[in-house]
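These notes concern the structure reproduced below.
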Amino acid sequence: MSFVEYSDCIQDGDVAIVYLGHESMTPVKVKRGAQTQTRYGVIRHSTDLIGQRYGSKVTCSKGGWVYVLHPTPELWTVNLPHRTQILYTTDIATITMMLELKPGSVVCESGTGSGSLSHAILRTIAPTGHLHTVEFHQQRSEKVLEEFKEHRVDHLVTVRNQDACKDGFGVTGVADAVFLDIPSPWEAVRHAKAAMKKSGGRVCSFSPCIEQVQKTCEAFSDQGFEDITSIEVLLRVHDVRTVYLPLPDFGPDPSAQIQPDSTITPPQNHASIAVKTTIPPRDVQGHTGYLTFATKPRTQL
């Protein structure tokens, strides 16, 4: 099992996602002889998990059942242990696209946090790319490195415990893209520029406050970055429903010829027609943060 390569069957040592429902999932480290308790009963790893295909329906000891899913960055985002505030799939998808990430890309990231974005980046840049991620907090950096090893992506990532605002990313002139998620991103802009290739690249900064965005945009401009843009991504999930609309009654056909001795049939109740429609949400998920993007020109050294 790897977060960047799909496996057919569950093996000893894998991390699997136990799916009880759309709002109830949990990651499980599969270990021979171990057990996992759920509200439907016990899951025995040796007999119920190891050797089974991912996506299988597993019956628990109380007769209820769960699905066992292969881990993905999206599933990990909604199940990971929160050590910090994290980025969710809506922002992650925009960041991945706007930074123009692809297999083979080299990316610098600060800070690593709980590793939500890191896992998505690693899947995108695999199998030949590399992520250089910097985390200021020592215990968080040690924990995320442990998770990378457990998820078998540690060969794609280098974790450094340092302050990106003072010490940079530990590399120079290698990055295709840089991501900043720190309280004072404007203090790390010069280090981001130094880490990027001479041929240029893209940079993104995530900040919850508009005052942070203003200072970061000024720093990007002072360092010679171009195409500076700030956006906010708000997700609106429309509810698809089936509604029934009555067919209109236009009365008798005036062009039809009526025989003198014919009986006029009284109008019948017209049937309804089923149509699909979407209902916009009454409540919209609130503000998460602003994404500020900029481009380092090719001519910049």
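Odds and ends about this structure:
- The single residue among Ile95, Ile86, Ile50 that is of a type in the set (A, V, I, L, M, F, W, C), on the phi < 0 side of the Ramachandran plot and in contact with an Asp or Glu (Cβ under 8 Å, 6 or more places away or on another chain) turns out to be Ile50.
- Restricting attention to the range 200-252, the residues that are more than 26 Å from the chain's Cα centre (by Cα), closer than 14 Å to Thr295 by Cβ and assigned to a strand (DSSP E or B) total 1.
- Some residue of the range 99-110 being of a type outside the set (A, V, I, L, M) and at pLDDT below 95: no
- Cβ-Cβ under 8 Å pairs, at least 6 apart or on other chains, the range 176-192 side over 16 Å from Tyr290 (Cα atoms), far side of a type in the set (D, E, K, R) and assigned to a loop (DSSP other than H, G, I, E, B): Asp176/Glu100; Asp176/Lys197; Ala177/Glu100
- Residue in the range 155-166 that is open to solvent by 10 Å² or more (accessible area, probe 1.4 Å) and in contact (Cβ under 8 Å) with a residue 60 or more places away in the chain present: no
- Looking only at the range 253-280, and only at residues there that are at pLDDT 75 or above and in a loop (DSSP other than H, G, I, E, B), the one that is nearest to Thr94 (Cα to Cα): Pro280
- Residues that are within 23 Å of Glu142 (Cβ to Cβ) and either without any contact (Cβ under 8 Å) to a residue 24 or more places away in the chain or open to solvent by 20 Å² or more (accessible area, probe 1.4 Å) (or both) within the range 92-126 comprise just one, Arg123.
- In the range 29-55, residue surrounded by the fewest Cβ atoms within 10 Å (Cβ to Cβ) [restricted to those that are in contact with a helix residue (DSSP H, G or I) (Cβ under 9 Å, 6 or more places away or on another chain) and in contact (Cβ under 8 Å) with a residue 24 or more places away in the chain]: Lys29
- Among (1) surrounded by fewer than 20 Cβ atoms within 10 Å (Cβ to Cβ); (2) without any contact (Cβ under 8 Å) to a residue 60 or more places away in the chain; (3) in contact with a Pro (Cβ under 6 Å, 6 or more places away or on another chain) - the single one Asn79 does not satisfy: (2)
The values are calculated or read from the model by the stated rules, or taken from the named source; none is laboratory data. None of these values were measured; they are calculated from a predicted model. FYI the Cβ positions are ideal-geometry reconstructions off the backbone, even for glycines, and counts take in every protein chain you see. All accessible areas refer to the heavy atoms of the entire protein, side chains included, with ligands and DNA or RNA removed. Shrake-Rupley method; radii C 1.70, N 1.55, O 1.52, S 1.80 Å.
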